[in-house]
Amino acid sequence: MDNGLLVVISGPSGAGKGTLCKRLKSEMKDLKVSVSATTRKPREGEVEGESYFFINEDEFIKKINNDEFLEYACVYGNYYGTPKKEVFKQLEDGNDIILEIDIQGALQVKKNYPIGVFIFILPPSLNELQNRIEGRGTDTKEVILKRMQCAYDELDYAFEYDYVVLNDQVETAVQKIQCIINAEKNRAIRKKAIINKIREV
Ligand code: 5GP
């Protein structure tokens, strides 16, 4: 069996990555979503083990030292990391898995696992991005300002990715990502197992 596909959805904070991943999860039933560990406090409605694994800084550092993360980053003062073991298990079982992570993390994954598919989510404009972040009502003015400054600089990194998807309308952005995933699943390099199987018969 060929390994599953590792899909990285990344881009500036507030570009709508979370919403797109939720939609992809509900529409592509076979797609697994990686659950990150974070030292951030849970927001209202967030569920342990579903939204994140909420751990403290000592636990996080222990995991870094044990090499348990495929990537990790400090984002706006909190640590976030992708559990390596779980992701590789899914891939080895032939399951496709999606990671919704920040840009620093995506660049680490690209280095460690370059056969992944890297998709940069672009907000329609920086004004719209600010409206979205303010609309969430979860961040202080200081954090919003920091996020906006970062978002401006982060647009440069779009060119490091395989694809850029403009998230002006959720529906069309989801469709575009589904098309990318479906096309990538059919790349010749990912069809070795089926080609060999057909030869056997
Ligand atoms: P939030 O606190 O709003 O849930 O997430 C803040 C940022 O951290 C978002 O850009 C989100 O994509 C990113 N993030 C979430 N999980 C991970 C992870 O495991 N690794 C990295 N590098 N970033 C993450």
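Numbers at a glance
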| quantity | calculated |
| --- | --- |
| Rg(Cα) / (2.2 N^0.38 Å) computed for the stretch 158-201, rounded to two decimals | 1.65 |
| Candidate residues Val75, Val87: accessible-area rank, largest first, probe 1.4 Å | Val75, Val87 |
| Residue order for Val201, Val35 - accessible surface, 1.4 angstrom probe, largest first | Val201, Val35 |
| For the stretch 6-200: accessible area per residue (Å², 1.4 Å) | 58 Å² |
| Assigned charges on the beta-carbon of Lys, Arg, Asp, Glu; the chain dipole about Cα centre (debye) | 580 debye |
| Sulfur and carbon atoms: percent of accessible area, the stretch 6-200 [1.4 Å] | 50 percent |
| Computed log₁₀ I(q)/I(0) - Debye formula, equal Cα scatterers, no solvent, the chain, q 0.11, 0.19 Å⁻¹ | -0.52, -1.53 |
| Cα-derived Rg over Rh, computed across the stretch 24-105 with Rh taken as Kirkwood radius | 0.97 |
| Where labels lie 7 Å past Cα in the beta-carbon direction, separation of Asn131 and Asn186 in nm | 3.7 nm |
| Between the stretch 1-71 and the stretch 138-166, the Cα center-to-center distance that results, in Å | 18 Å |
| Solvent exposure, largest accessible area first (probe 1.4 Å, DNA, RNA and ligands not counted), of Cys179, Cys74, Cys21 | Cys179, Cys74, Cys21 |
| Mean ellipticity per residue at 222 nm, deg cm²/dmol - from DSSP H runs of n ≥ 4 across the chain, formula -39500 (n - 2.57) | -13500 deg cm²/dmol |
| In the stretch 25-105, the GluC sites (Glu not before Pro) that fall in loop regions by DSSP, at most 11 other Cβ within 10 Å | Glu44, Glu50 |
| Residues in the stretch 18-51 reached by a label modelled at Glu57 [backbone nitrogen below 17 Å; 7 Å Cα→Cβ] | 38-42 |
| Inter-label distance for Lys29 and Leu145, nm, one decimal - labels placed 7 Å from Cα along Cα-to-Cβ | 5.0 nm |
| Taking the C-alpha atoms of the stretch 96-201, convex hull volume expressed per residue in Å³ | 121 Å³ |
| Relative contact order (%) - the stretch 70-164, alpha-carbon pairs under 8 angstrom, separation at least six | 28 percent |
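The values are calculated or read from the model by the stated rules, or taken from the named source; none is laboratory data. Given the structure is predicted, the values throughout are model-derived calculations rather than measurements. Neighbour counts are summed over all protein chains in view; Cβ atoms, including those assigned to glycine, are modelled from backbone coordinates with ideal geometry. These accessible areas exclude ligands, DNA and RNA; they are computed on the full protein's heavy atoms, side chains included. Shrake-Rupley method; radii C 1.70, N 1.55, O 1.52, S 1.80 Å.
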